[in-house]
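The values are calculated or read from the model by the stated rules, or taken from the named source; none is laboratory data. As the structure is a prediction and not an experimental result, all values here were calculated from the model. When we count neighbours, we look across all protein chains shown, and the Cβ atoms used for this are built from the backbone with ideal geometry, even at glycine. All accessible areas refer to the heavy atoms of the entire protein, side chains included, with ligands and DNA or RNA removed. Shrake-Rupley method; radii C 1.70, N 1.55, O 1.52, S 1.80 Å.
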Amino acid sequence: MRIAPLPVRTRRYHGESLDSYIRRHAARNHCRPSDIDRALRERGAVKSKNRRDPARLQAWLDLAGISAERFTAPDYVLDQEVTERILCLRCTSGEPARGKLTGIGLVCARHRRWLGSPQIDLHGYSPAVAAERHFRRHLAARDVLHDSLPMLIGRECASPAIIGASEIDRRRNEFGIGAVDALTYPEHVKIARLLCLPGFLCAATDPDTDSAWRSSLVAREVEKIIPARDDADSWRATNRVWTTISHLTARRRDARIYGVPMRDTYYSILRFIQEPVEVQP
């Protein structure tokens, strides 16, 4: 059965999911997706009510007059689910749309807009835009997602209580931005980059190296990112990073003991370093 496109065409935004596009395409044609789904079933074009039924998806592609290749965002990257989120409202001309963006952090570099909730303008806060460029160049390029564990740990370490209320107030007053997550994004990305830095990982997780030395290394590197201040608790960030390092060190030790490749299914960052497997006699 040939299905003709709906009369009003709808532009698809970069990264937009098919579900988001279906909702907008139906609205632009003054109807609801459920109305069209019912009509498709009544005409025999679709047999199932399953939203993921291939026949339904193909029917909607025909109704939109576009090919399936336009919706190729992966559902998983290295076994981690790619979550759907709201797209930049400047990119969508103010129209709400959702999609899966694997190469983008929490800032739209094109429009210098914070992609958290609510979305705000960051034209006056260049450190956040610079942090986004670092995320894309050093993390996204290595399949680290915006909500991966290294990034979540970075966000925990970049909390206002850890950075210090006085520093947060200074940034808020200087840049006129009230969204704390946007103000702390530079530290957020720097901690994530540290956790994914091969040289740091090699040294900090080496089971043959003294634990006190490794702990001191972690403290030094974290304090370079979050300096000690009168009202700051940088030691909390150090402890959080050390917890991760301890887990990874145990995984490297297990690999050496059992003569197997390193496996880090939880954080998925030991993949950034390579260690030869010792074959047991």
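Looking only at residues in the stretch 156-170 that are open to solvent by 20 Å² or more (accessible area, probe 1.4 Å) and touching a residue at least 12 places away in the same chain (Cβ under 8 Å), the one that is nearest to residue 268 (Cα to Cα) is 156. The set of residues in the stretch 58-92 being outside any loop (DSSP other than H, G, I, E, B) and open to solvent by 40 Å² or more (accessible area, probe 1.4 Å) consists of 58, 62, 68, 69, 70, 76, 80, 81, 86. One residue alone among 192, 228, 232, 203 is assigned to a helix (DSSP H, G or I), more than 22 Å from residue 113 (Cα to Cα) and either small (Gly, Ala, Ser) or in contact (Cβ under 8 Å) with a residue 24 or more places away in the chain (or both), and that residue is 203.
Residue count for the stretch 123-144, restricted to those that are part of a loop (DSSP other than H, G, I, E, B), open to solvent by less than 20 Å² (accessible area, probe 1.4 Å) and out of contact with any Gly (no Cβ under 9 Å at 6 or more places or on another chain): 1.
Looking across the stretch 104-122, the residues that are touching a Lys or Arg at 6+ places or on another chain (Cβ under 6 Å) and assigned to a loop (DSSP other than H, G, I, E, B) come down to 111, 119, 122. Going residue by residue through the stretch 11-30, is there one that turns out to be more than 19 Å from residue 99 (Cα to Cα) and in contact (Cβ under 8 Å) with a residue 24 or more places away in the chain? Among the residues of the stretch 11-30, not one is more than 19 Å from residue 99 (Cα to Cα) and in contact (Cβ under 8 Å) with a residue 24 or more places away in the chain, which makes the answer no.
Of everything listed in (1) open to solvent by 50 Å² or more (accessible area, probe 1.4 Å); (2) in a helix (DSSP H, G or I), the single unmet condition for residue 95 is (2). Of the numbered criteria (1) closer than 25 Å to residue 159 by Cβ; (2) of a type outside the set (Phe, Trp, Tyr); (3) not in a loop (DSSP other than H, G, I, E, B), the one residue 268 fails is (3).
Scan the stretch 236-259 for residues that are in contact with a helix residue (DSSP H, G or I) (Cβ under 8 Å, 6 or more places away or on another chain) and open to solvent by 50 Å² or more (accessible area, probe 1.4 Å) and jot them down. Correct list: 236, 240, 242, 251.
Exactly one residue out of 153, 104, 120 is open to solvent by 30 Å² or more (accessible area, probe 1.4 Å), farther than 19 Å from residue 20 by Cβ and among the β-branched types (Val, Ile, Thr): that is 120. Beta carbons closer than 6 Å, at least 6 apart along the sequence or on distinct chains, pair a first residue in the stretch 171-183 that is among the charged types (D, E, K, R) with a second that is in a helix (DSSP H, G or I) and open to solvent by less than 60 Å² (accessible area, probe 1.4 Å) for 171/183.
Let's see how each residue does on (1) at pLDDT 95 or above; (2) crowded, with 16+ Cβ neighbours inside 10 Å; (3) out of contact with any strand residue (DSSP E or B) (no Cβ under 6 Å at 6 or more places or on another chain):
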{"site": "194", "(1), (2), (3)": "yes, yes, yes"}
{"site": "209", "(1), (2), (3)": "yes, no, yes"}
{"site": "212", "(1), (2), (3)": "yes, no, yes"}
{"site": "230", "(1), (2), (3)": "no, no, yes"}
{"site": "234", "(1), (2), (3)": "no, yes, yes"}
{"site": "264", "(1), (2), (3)": "no, yes, yes"}
{"site": "278", "(1), (2), (3)": "no, no, yes"}
